[in-house]
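Participant: Provided herewith is a single structure, encoded as structure tokens, for subsequent inquiry.
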Amino acid sequence: MRVFRSPAFWVILLSTCIAVVVNVYDRSGVGGRNSSLADDRPSLAKAAAGEITILRESMGVSELRGRFRKLGERYLFEEDANTSTAAKRPLKCLENICLQRVVAAMQNEDRKQVWLVTARVTEFNDENFLLLEKAVRTR
């Protein structure tokens, strides 16, 4: 078998094995990169039990009142407790210019700011994300 004597075969096989091990390590939540977000990820069992509501793709939300906070490398939007909409848990925000402006405003202020947010909901791997369209500080 000439294939087994080829150095290219062994390089490809070894790199594939390393990639599989790294992928399993990252998904397990033990690794440094994803461990801060591992607890925030909804599971299929919780979603099936009705504990977590997955919002529909491209659903528009407007005038959500809440706060932003940083978790690892991401920012979360936490809706105020006294509002009654479908989003009952913190939603991760997708990076865009609107979020960049929110982050800049948060760095200039010492106190917790309340925001009115208009956004689109996206869905990936049974998890919702917010794509901010407009964010206005309130008092």
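Participant: Just one of the numbered conditions (1) more than 13 Å from the chain's Cα centre (by Cα); (2) at pLDDT 80 or above is not true of Ser28; which one?
Facilitator: Looking at each condition in turn, Ser28 falls short on (2).
Participant: Find all pairs meeting these conditions: Cβ atoms under 9 angstrom apart; at least six residues apart or on different chains; first residue within segment 111-139 and free of Cβ contacts under 8 Å to residues at least 24 places away in the same chain and on the phi > 0 side of the Ramachandran plot; second residue in a strand (DSSP E or B) and aliphatic (A, V, I, L, M).
Facilitator: Hits for this filter: zero, empty list.
Participant: Given the criteria surrounded by fewer than 18 Cβ atoms within 10 Å (Cβ to Cβ), charged (D, E, K, R), in the same structural domain as Lys70 (by TED's automatic domain parsing) and in a loop (DSSP other than H, G, I, E, B), does Glu95 qualify?
Facilitator: yes
The values are calculated or read from the model by the stated rules, or taken from the named source; none is laboratory data. The structure displayed is predicted, hence computed values, not measured ones. All Cβ positions, glycine included, derive from the backbone under ideal geometry; neighbour counts span all protein chains shown.
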